[in-house]
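Participant: Below: one structure in structure tokens.
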Amino acid sequence: MAEKTKPNYGKELTKGFLKENPVLRLVLGTCPTLATSTSVVNGIGMGIAATIVLICSNIAISAMRKIIPEKARIPAYIVIIASFVTVVQMLVKAFVPALDASLGVFLPLIVVNCIILGRAEAYASKNPVLLSAIDGLGMGIGFTAALFCMGAVRELLGAGTFLSGIDTMLGAYIDLNGFTGFDFTDELGSIGLAPMTLFILPAGGFFVFGMLMALANKLAEKKGLQSATLNGCKGCPHASFCAEFSEGKENASQCSKEEAEKEEQVKTEEKEEAPVNESGEAKKDKKKRTEADKKDNGKKESIDEEPLPEVIPEFLKKDIENNKNKEESEE
Amino acid sequence: MKFYIALLVMGILTQNFVLSKFLGICPFLGVSKKLNTAVGMSGAVIFVMLLATAVTYPLNILLENNGMEYLQTIVFILVIAALVQMVEIILKKYMKPLYNSLGIYLPLITTNCAVLGVVILNIDNITAYQAYNYGFLHSMVNSFAAGAGFMLAMVLFAGVRSRLETADVPKALQGLPITLVSASIVSLSFLGFGGIVEGMGLM
């Protein structure tokens, strides 16, 4: 791994900037993007807060990726993320109260920001700590950059200012020499123009986001990449649900029916085996069964994709080996 | 009474959760393609919002009495996640018809920012509307209004999107960009409701 990953660090960092920009390409975290980009300073503040949470949660989740059980992973991720959000929330309240006031409810709502849960699920749960931290930093910078673009357009057109409010955010820590952001309203007024307040209003947020996304799609098209779709948010744990629902209700209900049937089967099997001894053997049986299931699944998948029925995907092989090792060590 | 009506009007029209507060954008863009899914999803959201408010309101009092307000975020998200799971299991077991119409949307709602948002906003409102003695009943009405506003936006937008599918859109704008631009126009139309609450002589 070590030799392989070395040249990748730069790539892992920069992929979040443009190629896999979380907002404009993966379409994650749309709520905070629209809501906090009314001005550049707000947007950057939100971006930095989310980046800190993203890096910390990526590190923690990556470090614990072997401890967290597969089935309870989403609640575990949510607890980890919520803890870091609480820390950031307290820091912001203590050191930059103006930012806390302007972000309002969206500061605690970083918890449910799809970018963070999405990266935890898609990246940090599968990669080593350092890579995950770099991925978090890159994605965070991409998020902040998107917020900066949105904020710049909306603030310039909507209020006729740029970086306004910077003194209330940073004035206490950095000597700004009385700099309170650029103000173009007088110049605009002298030629009889007034800022278009619409762009600061919610409607303007949707419009600017739509236009930025169109631009990003156009650029992506030139590079031969697909245009961004909501169903393509592969990182999001709910992506499959989203896709099902947008395709139609029938599919979704069928899926849930199948799931229900499966669950019932599992339940009955469990009931049958419940009296047999306690945890030890039952667990082993379960493991064996899941292994068998996995193997079956692997075979099915490989049949679908490749003509070779015996091929089991590598990650499944690793899983199976790990499970075997665990069983041996338990014995 | 006037204040309850004001809360309803604010939640549904003037401060619509989706179109002016930007909460719940993901389902708004993802699930609003068809009318029946839009209605089902928003029904589930209203249900979970009311339930979450009913549970978190007393919990918040408990936290405040013990001086642990800082735990709000963690406690609320965990309570909502557990609640959604529990409701799904109960519905599946005892209320099959309701499960078939709402239950399949429940996993989507766990990390829906609209639900956590309404819960946190209700807590914030307690201090913001102290003059009106904002309490449990107000919180519930506010949650219902927020959910109803979500439903209104989803249903309206489902109609807009069905028209969009047949429209001839420039290539770069196809897909999400044009969806966002039309959301902007729907949001713009909601600006027309501004001033209703102020006209009631309350805020």
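Participant: Residue pairs, Cβ under 7 Å, 6 or more apart or interchain, first in the range A:133-152 and within 11 Å of A:LEU54 (Cα to Cα) and assigned by TED's automatic domain parsing to the domain that holds A:ILE115, second of a type in the set (A, V, I, L, M, F, W, C) and buried (at least 24 other Cβ atoms within 10 Å of the Cβ). List them.
Facilitator: These pairs meet every condition: A:GLY136/A:LEU54; A:MET139/A:LEU54; A:MET139/A:ILE115; A:GLY140/A:ALA50; A:GLY140/A:LEU54; A:PHE143/A:VAL23; A:PHE143/A:ALA50; A:PHE143/A:ILE115.
Participant: Moving on. When the range A:197-228 is examined, which residues are found to be facing another protein chain (nearest Cβ under 8 Å) and touching an Asp or Glu at 6+ places or on another chain (Cβ under 9 Å)?
Facilitator: Hit for the range A:197-228 is A:SER227, nothing else.
Participant: Please determine whether any residue of the range A:159-172 is hydrophobic (A, V, I, L, M, F, W, C), more than 30 Å from A:LEU28 (Cβ to Cβ) and in the same structural domain as A:ALA216 (by TED's automatic domain parsing). Talk me through it step by step, then tell me what you get.
Facilitator: So in the range A:159-172, the residues hydrophobic (A, V, I, L, M, F, W, C) come out as A:159, A:162-163, A:166, A:169-170, A:172.
In the following step, the residues that additionally are more than 30 Å from A:LEU28 (Cβ to Cβ) were identified as A:172.
Then keep just the ones that are in the same structural domain as A:ALA216 (by TED's automatic domain parsing); that gives A:172.
Yes - at least one qualifying residue is present in the range A:159-172.
Participant: Still on this structure: Among (1) crowded, with 23+ Cβ neighbours inside 10 Å; (2) within 9 Å of chain A (Cβ to nearest Cβ); (3) not charged (D, E, K, R), there is one condition B:LEU71 misses while meeting the rest; what is its number?
Facilitator: (1)
Participant: Filter the range A:211-227 down to the residues that are in a helix (DSSP H, G or I) and either aliphatic (A, V, I, L, M) or crowded, with 20+ Cβ neighbours inside 10 Å (or both) and list them by number.
Facilitator: If the condition is that a residue be in a helix (DSSP H, G or I) and either aliphatic (A, V, I, L, M) or crowded, with 20+ Cβ neighbours inside 10 Å (or both), then A:MET211, A:LEU212, A:MET213, A:ALA214, A:LEU215, A:ALA216, A:ASN217, A:LEU219, A:ALA220 are the ones that fit.
Participant: Need the failing condition index for B:PRO107 against (1) in contact (Cβ under 8 Å) with a residue 24 or more places away in the chain; (2) touching a His at 6+ places or on another chain (Cβ under 8 Å), just the number.
Facilitator: (1)
Participant: Cβ-Cβ below 8 Å, separation at least six or inter-chain, first residue in the range A:74-88 and outside any helix (DSSP H, G or I), second surrounded by fewer than 23 Cβ atoms within 10 Å (Cβ to Cβ) and modelled with pLDDT of 90 or more: which pairs?
Facilitator: Partner pairs satisfying both residue conditions: none exist.
Participant: How many residues are more than 18 Å from B:CYS113 (Cα to Cα), modelled with pLDDT under 90 and more than 14 Å from every other protein chain (Cβ to nearest Cβ) when one looks only at the range B:29-64?
Facilitator: 0
Participant: Out of all the residues in the range A:190-210, is one or more buried (at least 17 other Cβ atoms within 10 Å of the Cβ), assigned by TED's automatic domain parsing to the domain that holds A:PHE148 and touching a Cys at 6+ places or on another chain (Cβ under 8 Å)?
Facilitator: No, because not a single residue in the range A:190-210 is buried (at least 17 other Cβ atoms within 10 Å of the Cβ), assigned by TED's automatic domain parsing to the domain that holds A:PHE148 and touching a Cys at 6+ places or on another chain (Cβ under 8 Å).
Participant: Quick test for you: out of B:ALA131, B:ALA172, B:ALA114, pick the one residue that is small (Gly, Ala, Ser), facing chain A (nearest Cβ under 10 Å) and over 23 Å from B:PHE190 (Cβ atoms).
Facilitator: One residue alone meets the criteria, B:ALA172.
Participant: Looking at the range B:68-174, what helices (runs of 4 or more DSSP H) fall wholly within it and have at least 2 residues that are over 19 Å from the mean Cα position of the chain (by Cα)? Steps first, answer last, please.
Facilitator: Working: elements: B:72-94, B:96-102, B:106-109, B:113-128, B:136-164.
Per the criteria, B:72-94, B:96-102, B:113-128, B:136-164.
Participant: So if I check each of A:LEU28, A:LEU18, A:LEU34, which one is facing another protein chain (nearest Cβ under 10 Å), touching a helix residue (DSSP H, G or I) at 6+ places or on another chain (Cβ under 8 Å), hydrophobic (A, V, I, L, M, F, W, C) and not in a helix (DSSP H, G or I)? Break it down stepwise before answering.
Facilitator: Numbers: A:LEU18 fails: facing another protein chain (nearest Cβ under 10 Å); A:LEU34 fails: not in a helix (DSSP H, G or I).
It is A:LEU28.
Participant: Another question about this same structure. So, B:LEU176, is that one closer than 22 Å to A:GLY204 by Cβ, in contact (Cβ under 8 Å) with a residue 60 or more places away in the chain and not polar (S, T, N, Q) or not?
Facilitator: Yes; evaluated as a whole, the condition is true for this residue.
Participant: Within the range A:179-188, does at least one residue satisfy the condition of being in contact with a Ser or Thr (Cβ under 7 Å, 6 or more places away or on another chain) and aliphatic (A, V, I, L, M)?
Facilitator: No, the range A:179-188 contains no residue that is in contact with a Ser or Thr (Cβ under 7 Å, 6 or more places away or on another chain) and aliphatic (A, V, I, L, M).
Participant: I've got another one for you. Out of everything in the range A:80-118 that is out of contact with any helix residue (DSSP H, G or I) (no Cβ under 7 Å at 6 or more places or on another chain) and closer than 16 Å to A:ASN58 by Cα, what residue ends up being surrounded by the fewest Cβ atoms within 10 Å (Cβ to Cβ)?
Facilitator: A:VAL87
The values are calculated or read from the model by the stated rules, or taken from the named source; none is laboratory data. Quick caveat: nothing in here was measured; it's all calculated off a predicted structure. No Cβ is skipped: glycine too gets one built from the backbone with ideal geometry, and neighbour counts run over all protein chains shown.
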